[in-house]
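The values are calculated or read from the model by the stated rules, or taken from the named source; none is laboratory data. This one's a predicted model, so the numbers in the text were calculated from it and none came from an experiment. Quick reminder, even Gly has a Cβ in these numbers, built from the backbone with ideal geometry, and neighbours come from all protein chains shown. The area values use the complete protein model at the heavy-atom level, side chains included, leaving out ligands, DNA and RNA. Shrake-Rupley method; radii C 1.70, N 1.55, O 1.52, S 1.80 Å.
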Amino acid sequence: MKILVVNAGSSSLKYRLFDMDRGTVLAKGNCERIGIDGIITHTVTGSKEPYKATPVFPNHRTAIEYVLRLLTDKKFGCLGSVKEIAAVGHRFAHGGERLRASAELKEEEIAYLESIVPINPLHGPPAISGLKACREVMPDIPHVGVFDTSYYSDLPDYAYIYPIPYELYEKYRVRRYGFHGTSHRFVAGKAQELLGNKDAKIITCHLGNGSSITATVNGKAIDTSMGFTPQDGVPMGTRSGGIDPTVVTYLMKREQLTADGAEKLLNEKSGLLGVSGVSSDCRDIREAAAKGNLRAQLAMKLLAHNIKKIIGSYVAELNGVDALVFTAGIGENDRELRQEVCKDLDALGIAIDEEVNATCPRGEICELTAKGARARTFVIPTDEEYMIARDTLSIIQNRK
Ligand code: ADP
């Protein structure tokens with residue numbers, strides 16, 4: 001059974017074709033600069049060179065049509081016919097309060113996704129446009145939505161309600177939704193397997209360009225650091241993460257910022273970039289810090305400090321922890337940060353082996369636990385696309 005996973009952004013469409021019988025990736029690629037001009041990079045597993053071209057992509061539909069032609073191309077493809085694709089899994093950041101689990105997307109679900117665009121203005125419209133294009137081009141197969149928010153649909157109300165007038169939640173659905181759920185679900189599931197314990201208390205740190213931390217017990221998330229939007233929680237590449245909300249209103253007054261201006265400040269100019277003044281990319285900041293740049297050093301210390309604080313609060317919420325997991329670009333690659341975060345956490349049962357942490361191979365699951373530590377610590381590479389393909393498969397199998 002072959003499943004195509006699609007992740008549509010405002011000017012991009014990433015795709016990955018899975019052979020679910022073998023659990024392998026057959027091909028993957030990315031269409032970029034949609035609506036501007038167009039670039040496609042496409043790789044069939046096992047081929048030496050990726051295919052690169054610059055076709056014109058006025059919209060998502062032309063991009064997906066191009067992808068399907070490539071997938072069935074004699075030279076650059078891997079399918080005899082488009083009919084071999086059994087279903088398409090679509091990545092959605094937001095499923096609102098109603099789409100609480102991965103689901104087949106038909107007219108009713110699409111109308112709901114359109115109705116929640118006001119709370120999901122950045123990710124919603126391009127993802128819906130990508131879905132509609134795929135449905136037009138592949139009308140005879142199921143299209144399944146997998147939502148980052150759905151992992152948080154069982155958060156207790158005291159974890160998702162904000163302490164503002166309750167009527168505002170009722171009126172505007174302002175609440176904690178949480179994001180990156182597909183990644184947290186994947187790595188928490190792997191940690192459960194490694195521990196051999198379905199009831200395990202697990203804290204997962206997805207640290208990438210955007211970062212979030214989630215507490216899971218019995219396979220369910222009970223709290224997460226991102227909130228109404230991905231803005232809350234730990235500092236990120238360019239996002240501030242959680243700050244005293246009055247800082248925003250004060251700066252709006254002092255700097256004569258509009259609401260959009262304030263959002264831009266918090267979303268695009270803050271976080272590691274804002275503090276370091278160097279870059280939003282951890283590698284650049286590490287390099288500057290190593291050369292003695294004090295603000296770059298401060299940015300990395302502040303990041304580790306904030307991650308540590310959230311881990312501590314989740315150990316309290318879970319009343320213990322069995323596993324701590326690091327994933328995504330920074331979590332999987334930045335050894336110094338893992339070391340800094342795990343330093344002096346032995347009171348919580350967490351301690352890592354410095355040498356193993358320093359030599360942990362890239363792209364593989366690696367256990368960092370120090371001898372005698374109560375909780376186990378892992379690096380687990382995330383695979384959101386595979387999770388989307390797995391959900392899509394399970395939905396179409398249960399449909400029949
Ligand atoms: P996204 O959220 O866009 O998917 P990623 O998960 O790819 O982001 O993470 C991007 C971040 O990972 C960047 O800050 C990048 O600097 C960091 N990163 C990638 N490789 C390394 C590395 N070897 N050392 C430190 N940081 C790294």
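Listing for the model above:
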{"quantity": "3J(HN,Hα) from dihedral phi, region 161-176, Karplus parametrisation 6.51/-1.76/1.60, rounded to Hz, x for glycine, proline", "calculated": "7, 8, x, 10, x, 4, 4, 6, 5, 5, 7, 10, 6, 7, 6, 6"}
{"quantity": "Restraint check, Lys2/Lys52; Lys198/Lys371; Lys171/Lys309; Lys28/Lys74; Lys264/Lys343, Cα-Cα greater than 28 Å", "calculated": "Lys171/Lys309; Lys264/Lys343"}
{"quantity": "Full-stretch length increase - Ser47, Asp346 - with 0.36 nm per residue and alpha-carbon distance subtracted", "calculated": "102.9 nm"}
{"quantity": "Helical contribution to [θ] at 222 nm, DSSP H n ≥ 4, -39,500 (n - 2.57), averaged over the chain, rounded to 500", "calculated": "-11500 deg cm²/dmol"}
{"quantity": "Two-site label geometry, Glu367 and Glu167: point separation in nm, points 7 Å out along Cα→Cβ", "calculated": "5.6 nm"}
{"quantity": "Among Lys269, Lys171, Lys14: highest mean-square fluctuation, GNM of the chain, C-alpha pairs under 10 Å", "calculated": "Lys171"}
{"quantity": "Listed peptides 198-211, 27-40, 246-259, 68-81 by packing density, highest first (mean Cβ within 10 Å)", "calculated": "198-211, 27-40, 68-81, 246-259"}
{"quantity": "Dmax and Rg, reported as Rg then Dmax, of the chain (C-alpha, Å)", "calculated": "21.6, 63"}
{"quantity": "In order through region 227-233: 3J(HN,Hα) via Karplus (6.51 cos²θ - 1.76 cosθ + 1.60), integer Hz, x for Gly, Pro", "calculated": "x, 4, 9, x, 6, 7, x"}
{"quantity": "Most mobile listed residue (Glu385, Glu355, Glu336) in the chain, GNM with C-alpha springs under 10 Å", "calculated": "Glu355"}
{"quantity": "0 to 90° range, to nearest 10: angle between helix 245-254 axis and the chain longest Cα axis", "calculated": "90 degrees"}
{"quantity": "Zero-based 5 Å bins, Cα pair distances in region 126-220, whole percents", "calculated": "2, 11, 16, 16, 15, 15, 12, 9, 3, 0"}
{"quantity": "Percentage relative contact order, region 1-131, counting C-alpha pairs under 8 Å, at least six apart", "calculated": "25 percent"}
{"quantity": "Fraction of accessible area attributable to carbon and sulfur, the chain (%, probe 1.4 Å)", "calculated": "50 percent"}
{"quantity": "Against the rule of thumb 2.2 N^0.38 Å, how large the Cα Rg of region 1-87 comes out", "calculated": "1.02"}
{"quantity": "Modelled FRET efficiency - R0 22 Å, Ser394 with Leu194, Cβ distances, 0.05 increments", "calculated": "0.50"}
{"quantity": "By average C-beta atoms within 10 angstrom, highest first, the peptides 229-238, 117-126, 298-307, 45-54", "calculated": "229-238, 298-307, 117-126, 45-54"}
{"quantity": "Candidates Asn197, Asn218, Asn319: whichever shows maximal mean-square fluctuation once the chain is modelled as a Gaussian network with Cα springs under 10 Å", "calculated": "Asn319"}
{"quantity": "Accessible area (Å², per residue) of region 163-280, counting only protein heavy atoms and a probe of 1.4 Å", "calculated": "47 Å²"}
{"quantity": "Cys with no candidate disulfide partner in the chain (beta-carbon separation under 4.7 Å rule)", "calculated": "Cys31, Cys78, Cys134, Cys205, Cys282, Cys342"}
